[in-house]
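Engineer: Dropping a structure here in C-alpha cells format, bear with me for questions.
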Amino acid sequence: MDKGADFAEVRLIECHFWAWSEVDATGLAVALVLRGFHILVQRSAASLGDPALWNVEAGIEQSIDLTLSRDFTDELVRVAASHSGQYDGWGTTV
C-alpha cells in the first residue's frame with residue numbers, strides 16, 4: 001500500500017509449498033494445475049536434517065485482493081494437507 005500498488009490489478013502470484021516425498025509433491029502439483037496454477041518449481045529440497053523434503057512453487061494470475069482472502073488461503077492449506085504437504089505463503093512484485 002505504501003508503494004501505491006493497486007491490489008485489484010491482476011498480476012503473477014507465486015505460492016510456495018513443502019512436501020515430504022516426490023509422490024506427494026507430484027500429487028500436489030497436479031492438484032494445483034487443476035485449480036488454474038502453473039508449476040514454477042518442483043524439486044527435491046533435501047538436506048541432512050530433512051532428506052525427504054520437496055519444494056513446490058506455483059504461479060497464478062490474480063489480484064492481491066483475491067490472494068489475501070481467507071477462502072484462498074484456506075483452499076491452499078487444504079490442498080497441501082491433502083497431499084501431506086504444507087502451504088508456506090505467497091509473494092508478488094509491486
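Every read-out reported here was derived from the displayed coordinates using simple, explicitly stated rules and does not represent laboratory data. Note that this is a predicted model, so its numbers are computed, not measured. Every residue, glycine as well, gets a Cβ built from its backbone with ideal geometry; the counts of neighbours run over all protein chains shown.
Engineer: Compute a Gaussian network model of the chain, connecting alpha carbons closer than 10 Å, and tell me which residue from Phe37, Phe17, Phe72 fluctuates the most.
Structural biologist: Residue with maximal mean-square fluctuation among Phe37, Phe17, Phe72: Phe72.
Engineer: Taking 7 Å along the Cα-to-C-beta vector as the label spot, tell me the Leu48-Leu34 distance in nanometres, rounded to one decimal.
Structural biologist: Taking the simple label geometry, Leu48 and Leu34 are separated by 4.0 nm.
Engineer: I would also like to ask the following. Pick out which of Gly49, Gly59, Gly36 has the largest mean-square fluctuation in a Gaussian network model of the chain, springs linking Cα atoms closer than 10 Å.
Structural biologist: Gly49
Engineer: Among Val10, Leu34, Leu66, which residue has its Cα furthest toward the positive end of the charge dipole of region 1-67, with +1 on Lys/Arg Cβ and -1 on Asp/Glu Cβ?
Structural biologist: Leu34
Engineer: Starting at the first residue of region 43-57, write each ³J(HN,Hα) from the Karplus equation 6.51 cos²θ - 1.76 cosθ + 1.60 with θ = phi - 60°, in whole Hz, x for Gly and Pro.
Structural biologist: Result, rounded to whole Hz: 7, 5, 10, 4, 9, 4, x, 8, x, 9, 5, 10, 10, 10, 10.
Engineer: Over the alpha-carbon set of region 3-94, work out the extent along each principal axis and list the three values in angstrom, largest first.
Structural biologist: 43, 24, 20
Engineer: Quick one: if the Förster radius is 22 Å, what FRET efficiency do Leu66 and Val94 give, using the C-beta to C-beta distance and rounding to 0.05?
Structural biologist: Details: r = 15 Å, r/R0 = 0.70.
E between Leu66 and Val94, to the nearest 0.05, is 0.90.
Engineer: With each run of n ≥ 4 DSSP H residues scored as -39500 (n - 2.57), what mean residue ellipticity at 222 nm is computed for the chain after dividing by its residue count and rounding to the nearest 500 deg cm²/dmol?
Structural biologist: Numbers: 3 runs with 29 residues, N = 94.
So the calculated ellipticity at 222 nm is -9000 deg cm²/dmol.
Engineer: Here is a further query. Can you check what the net charge comes to around Asp24, using other residues whose Cβ is under 14 Å from the Cβ of Asp24 (Lys, Arg +1; Asp, Glu -1)? Before the final figure, lay out each step's value.
Structural biologist: Numbers: positive: Arg43; negative: Glu22, Asp50.
Local charge sum for Asp24: -1.
Engineer: Where nothing but the Cβ of Lys and Arg (+1) and of Asp and Glu (-1) is charged, how large is the charge dipole of the chain around its Cα centre, in debye to the nearest 20? Show your work: numbers first, answer last.
Structural biologist: Numbers: 6 positive and 14 negative charges, 30 e Å.
Roughly 140 debye, rounded to the nearest 20.
Engineer: If the elastic network links every pair of Cα atoms under 10 Å, which of Glu57, Glu75, Glu22 fluctuates the most in the Gaussian network model of the chain?
Structural biologist: Per the Cα network of the chain with a 10 Å cutoff, Glu75 tops the list.
Engineer: Helix 70-81 versus the longest principal axis of the chain: what angle, 0 to 90°, nearest 10, using Cα atoms?
Structural biologist: So the inclination is approximately 10 degrees.
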